[in-house]
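Any read-out appearing in this document is the output of simple, stated calculations on the displayed coordinates, not a laboratory observation. Since the model is a prediction, treat every value here as computed from it, not as a measurement. In this analysis, Cβ positions are derived from the backbone assuming ideal geometry, glycine residues included, and neighbour counts consider all displayed protein chains.
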Amino acid sequence: MTEAPFRVLPAIDDENRFFWTSGEDGRLRFLRCQGCGRFLHPPLPRCPGCGGTDLQPEPVSGQGEVFSFTVNHQPWDGDATPYVIALVALPEQEGLHLTTNIVGCPVDDVHIGMEVQVRFEHRDPAWFPLFEPASAPPRD
């Protein structure tokens, strides 16, 4: 069994708790303005579109496309295994992106435009949203 990579745990507070705990039920959530319908990420106290403050977490599809990426070769945690840091575009809204890791495939297979789907890695107390190729079989 491969040991999971080191991850820095996020500082969870009342404004972002929904995001870091969403993965428990397998759904990726972002704040959404109830006034104009705009998704906000990262979480903000006010909608940049209409200025509204009625913001509620809502699930998104969990599907996306690699918008941009880089392969990290620096062994920050002592592990020299390269990994992908990507900006994933979500189809729910133009400009809605999530910085994440692409997992479940060789780093050389990752490309711009690659269709991906969310999967979560649990590191108590957080559920990290990672993305894998959309053709990947469901995980137990």
* Asked: Mind ordering 21-31, 99-109 by average Cβ neighbours within 10 Å, highest first?
  -> 21-31, 99-109
* Structure fact -> Highest mean packing first, using Cβ neighbours within 10 angstrom, the peptides 65-78, 110-123 sort as 110-123, 65-78
* Asked: Can you give the calculated 222 nm mean residue ellipticity of the chain, where each DSSP H run of n ≥ 4 adds -39,500 (n - 2.57) and the sum is split over every residue, rounded to the nearest 500 deg cm²/dmol?
  -> -500 deg cm²/dmol
* Among beta bridges that DSSP assigns inside the chain, antiparallel share in %, nearest 5 -> 95 percent
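Please compute the contact order of the chain in relative form: average sequence separation of alpha-carbon pairs under 8 Å and at least six residues apart, divided by the residue count, as a percent.
It rounds to 21 percent for the chain.
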* To do: Work out, step by step, the length gained on full extension between Leu44 and Tyr83: first 0.36 nm times the residue separation, then minus their alpha carbon distance; give nm to one decimal.
  => 11.1 nm
* Structure fact -> For region 16-96, Rg(Cα) over 2.2 N^0.38 Å is 1.33
* Asked: Tell me, what are the semi-axes, in whole angstrom and largest first, of the equivalent ellipsoid of the chain as set by the roots of 5 times the Cα gyration tensor eigenvalues?
  -> 27, 17, 14
* Taking only Cα atoms of region 80-140, radius of gyration then Dmax in Å -> 12.0, 36
